[in-house]
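Have a look at the structure below, then the notes.
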Amino acid sequence: MANPSFDITTGCDLQEVDNAVNQAIKEIRQRYDFKGLTVAIEFKRDDAKVVLSGPEDFKVQAMTEVLNQKMARRGVPLKNLHYGEIQQAGGNTVKQEIDLQQGISMDTAKAIVKYIKDQKIKKVQAAIQGEQVRVTSPKRDDLQTAIAVLKKKDFGVELRFGNYRGD
(Lines give C-alpha, C1' and ligand atoms only; values in the text may rest on other atoms or scores of the structure.)
Protein backbone atom coordinates (compact mmCIF):
# COMPACT_ATOMS: atom_id res chain seq x y z
CA MET A 1 0.00 0.00 0.00
CA ALA A 2 1.29 3.48 -0.91
CA ASN A 3 2.24 5.98 1.76
CA PRO A 4 0.04 9.03 2.35
CA SER A 5 1.12 11.96 0.17
CA PHE A 6 0.23 15.41 -1.09
CA ASP A 7 1.36 17.62 -3.96
CA ILE A 8 2.74 21.14 -3.73
CA THR A 9 1.76 23.28 -6.72
CA THR A 10 1.32 26.93 -7.59
CA GLY A 11 -0.56 28.89 -10.20
CA CYS A 12 -3.15 31.50 -11.03
CA ASP A 13 -6.78 30.70 -11.80
CA LEU A 14 -6.85 32.03 -15.37
CA GLN A 15 -10.61 32.63 -15.28
CA GLU A 16 -10.18 34.85 -12.22
CA VAL A 17 -7.31 36.68 -13.97
CA ASP A 18 -9.62 37.25 -16.95
CA ASN A 19 -12.35 38.59 -14.64
CA ALA A 20 -9.86 40.88 -12.84
CA VAL A 21 -8.57 42.25 -16.17
CA ASN A 22 -12.13 43.00 -17.32
CA GLN A 23 -12.95 44.76 -14.03
CA ALA A 24 -9.72 46.80 -14.21
CA ILE A 25 -10.50 47.87 -17.79
CA LYS A 26 -13.99 48.93 -16.74
CA GLU A 27 -12.66 51.00 -13.80
CA ILE A 28 -9.91 52.65 -15.86
CA ARG A 29 -12.40 53.66 -18.58
CA GLN A 30 -14.48 55.45 -15.92
CA ARG A 31 -11.58 57.25 -14.26
CA TYR A 32 -11.19 60.96 -14.94
CA ASP A 33 -7.36 60.78 -15.12
CA PHE A 34 -7.60 58.33 -18.05
CA LYS A 35 -10.22 60.25 -20.10
CA GLY A 36 -9.20 60.60 -23.74
CA LEU A 37 -6.05 58.49 -23.35
CA THR A 38 -5.24 55.36 -25.34
CA VAL A 39 -4.66 52.64 -22.76
CA ALA A 40 -5.08 48.88 -22.92
CA ILE A 41 -4.87 45.81 -20.73
CA GLU A 42 -4.61 42.63 -22.77
CA PHE A 43 -4.84 39.15 -21.23
CA LYS A 44 -2.94 36.57 -23.27
CA ARG A 45 -4.35 33.37 -21.76
CA ASP A 46 -2.28 30.98 -23.90
CA ASP A 47 0.96 32.69 -22.85
CA ALA A 48 -0.19 33.19 -19.22
CA LYS A 49 0.62 36.87 -19.44
CA VAL A 50 -1.03 40.29 -19.13
CA VAL A 51 0.19 43.24 -21.19
CA LEU A 52 -0.52 46.83 -20.14
CA SER A 53 0.05 49.74 -22.50
CA GLY A 54 -0.41 53.46 -22.13
CA PRO A 55 1.05 56.86 -23.03
CA GLU A 56 3.62 57.05 -20.18
CA ASP A 57 5.22 55.12 -17.32
CA PHE A 58 3.10 56.88 -14.70
CA LYS A 59 -0.19 55.80 -16.35
CA VAL A 60 0.98 52.20 -16.75
CA GLN A 61 1.95 52.15 -13.05
CA ALA A 62 -1.51 53.47 -12.12
CA MET A 63 -3.08 50.74 -14.29
CA THR A 64 -0.91 48.13 -12.53
CA GLU A 65 -2.22 49.30 -9.13
CA VAL A 66 -5.83 49.01 -10.30
CA LEU A 67 -5.15 45.55 -11.78
CA ASN A 68 -3.44 44.37 -8.57
CA GLN A 69 -6.45 45.45 -6.50
CA LYS A 70 -8.81 43.52 -8.77
CA MET A 71 -6.54 40.45 -8.77
CA ALA A 72 -6.26 40.45 -4.97
CA ARG A 73 -10.05 40.74 -4.60
CA ARG A 74 -10.52 37.75 -6.89
CA GLY A 75 -8.03 35.59 -4.98
CA VAL A 76 -5.25 35.65 -7.58
CA PRO A 77 -1.94 35.33 -5.68
CA LEU A 78 0.04 38.52 -6.29
CA LYS A 79 3.25 36.62 -5.46
CA ASN A 80 2.76 34.71 -8.73
CA LEU A 81 2.80 37.88 -10.85
CA HIS A 82 6.21 38.70 -12.30
CA TYR A 83 6.49 42.25 -13.66
CA GLY A 84 8.67 43.06 -16.62
CA GLU A 85 10.27 46.46 -17.12
CA ILE A 86 8.17 49.26 -18.58
CA GLN A 87 9.51 49.72 -22.13
CA GLN A 88 8.89 51.86 -25.20
CA ALA A 89 6.33 50.21 -27.46
CA GLY A 90 6.39 52.37 -30.56
CA GLY A 91 4.57 55.58 -31.27
CA ASN A 92 4.15 57.50 -28.04
CA THR A 93 3.31 54.47 -25.93
CA VAL A 94 4.98 52.30 -23.31
CA LYS A 95 4.10 48.77 -22.27
CA GLN A 96 4.66 46.38 -19.40
CA GLU A 97 4.31 42.61 -19.45
CA ILE A 98 3.22 40.67 -16.39
CA ASP A 99 3.96 36.94 -16.45
CA LEU A 100 1.63 34.66 -14.48
CA GLN A 101 3.54 31.83 -12.83
CA GLN A 102 1.61 28.62 -13.47
CA GLY A 103 3.94 25.97 -12.08
CA ILE A 104 6.79 25.64 -9.63
CA SER A 105 10.10 26.45 -11.31
CA MET A 106 12.92 23.91 -11.07
CA ASP A 107 14.94 26.23 -8.80
CA THR A 108 11.99 26.74 -6.44
CA ALA A 109 11.20 23.00 -6.46
CA LYS A 110 14.82 22.21 -5.52
CA ALA A 111 14.66 24.80 -2.71
CA ILE A 112 11.44 23.23 -1.38
CA VAL A 113 12.92 19.69 -1.44
CA LYS A 114 16.12 20.89 0.26
CA TYR A 115 14.10 22.81 2.88
CA ILE A 116 11.99 19.75 3.70
CA LYS A 117 15.14 17.60 4.07
CA ASP A 118 16.79 20.26 6.25
CA GLN A 119 13.79 20.18 8.64
CA LYS A 120 14.57 16.52 9.43
CA ILE A 121 10.90 15.51 9.78
CA LYS A 122 10.92 11.73 10.25
CA LYS A 123 10.54 9.70 7.06
CA VAL A 124 9.14 12.60 5.02
CA GLN A 125 10.31 12.37 1.40
CA ALA A 126 9.96 15.03 -1.29
CA ALA A 127 10.35 14.48 -5.02
CA ILE A 128 10.12 16.88 -7.95
CA GLN A 129 7.54 15.81 -10.53
CA GLY A 130 7.46 18.24 -13.43
CA GLU A 131 6.13 21.56 -12.15
CA GLN A 132 5.08 20.22 -8.75
CA VAL A 133 6.61 18.54 -5.69
CA ARG A 134 5.18 15.31 -4.25
CA VAL A 135 5.66 14.82 -0.51
CA THR A 136 5.20 11.35 1.03
CA SER A 137 5.44 9.86 4.51
CA PRO A 138 4.19 6.73 6.28
CA LYS A 139 2.45 8.97 8.86
CA ARG A 140 -0.19 11.54 8.02
CA ASP A 141 0.83 13.60 11.08
CA ASP A 142 4.30 14.05 9.60
CA LEU A 143 2.73 15.38 6.40
CA GLN A 144 0.76 17.91 8.48
CA THR A 145 4.03 18.97 10.13
CA ALA A 146 5.65 19.38 6.71
CA ILE A 147 2.78 21.60 5.52
CA ALA A 148 2.97 23.74 8.67
CA VAL A 149 6.73 24.20 8.23
CA LEU A 150 6.40 25.06 4.52
CA LYS A 151 3.67 27.65 5.19
CA LYS A 152 6.08 29.59 7.42
CA LYS A 153 8.78 29.88 4.71
CA ASP A 154 8.56 32.26 1.75
CA PHE A 155 9.61 30.65 -1.53
CA GLY A 156 8.60 33.66 -3.65
CA VAL A 157 5.39 32.04 -4.92
CA GLU A 158 2.14 31.05 -3.29
CA LEU A 159 2.27 27.34 -2.45
CA ARG A 160 -0.86 25.24 -2.79
CA PHE A 161 -1.18 21.92 -1.02
CA GLY A 162 -3.55 19.44 -2.58
CA ASN A 163 -4.14 16.04 -4.13
CA TYR A 164 -4.02 14.33 -0.72
CA ARG A 165 -3.80 10.57 -0.79
CA GLY A 166 -4.39 8.73 2.47
CA ASP A 167 -3.65 5.15 3.46
Among the listed residues Lys110, Lys70, Lys117, which satisfies the condition of being at pLDDT 90 or above and surrounded by fewer than 18 Cβ atoms within 10 Å (Cβ to Cβ)? Lys110
Selected residue (only one of Lys26, Lys59, Lys49 is free of Cβ contacts under 8 Å to residues at least 12 places away in the same chain and either among the basic types (Lys, Arg) or in contact with a strand residue (DSSP E or B) (Cβ under 9 Å, 6 or more places away or on another chain) (or both)): Lys26
Condition broken by Asp99, with the remaining ones in (1) in contact with a His (Cβ under 7 Å, 6 or more places away or on another chain); (2) modelled with pLDDT under 90 satisfied: (2)
Does the stretch 75-82 contain at least one residue that is part of a strand (DSSP E or B) and in contact with a strand residue (DSSP E or B) (Cβ under 6 Å, 6 or more places away or on another chain)? yes
Exclusive hit being in a strand (DSSP E or B), on the phi < 0 side of the Ramachandran plot, polar (S, T, N, Q) and surrounded by fewer than 13 Cβ atoms within 10 Å (Cβ to Cβ), set Gln88, Gln96: Gln88
May I ask you to list the residues in the stretch 127-153 that are over 19 Å from Ala2 (Cβ atoms) and either touching a residue at least 40 places away in the same chain (Cβ under 8 Å) or in a helix (DSSP H, G or I) (or both)? Glu131, Thr145, Ala148, Val149, Leu150, Lys151, Lys152
Just one listed residue, out of Gln69, Gln119, is within 30 Å of Leu37 (Cα to Cα) and out of contact with any Gly (no Cβ under 6 Å at 6 or more places or on another chain), and it is Gln69
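Residues checked against (1) more than 20 Å from the chain's Cα centre (by Cα); (2) surrounded by fewer than 18 Cβ atoms within 10 Å (Cβ to Cβ):
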site: Ala126; (1), (2): yes, no
site: Pro138; (1), (2): yes, yes
site: Val157; (1), (2): no, no
site: Arg160; (1), (2): no, yes
site: Tyr164; (1), (2): yes, yes
In the stretch 1-14, residue modelled with the highest pLDDT [restricted to those that are surrounded by fewer than 15 Cβ atoms within 10 Å (Cβ to Cβ) and in contact with a Lys or Arg (Cβ under 9 Å, 6 or more places away or on another chain)]: Asp13
Can you tell me which residue is farthest from Gly75 (Cα to Cα) among those in the stretch 116-167 that are aromatic (Phe, Trp, Tyr) and touching a strand residue (DSSP E or B) at 6+ places or on another chain (Cβ under 7 Å)? Tyr164
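The values are calculated or read from the model by the stated rules, or taken from the named source; none is laboratory data. On a predicted model such as this, the values are computed, not experimentally measured, just so you know. Please note: Cβ atoms are built from the backbone with ideal geometry, for glycine as well, and neighbour counts cover all protein chains shown.
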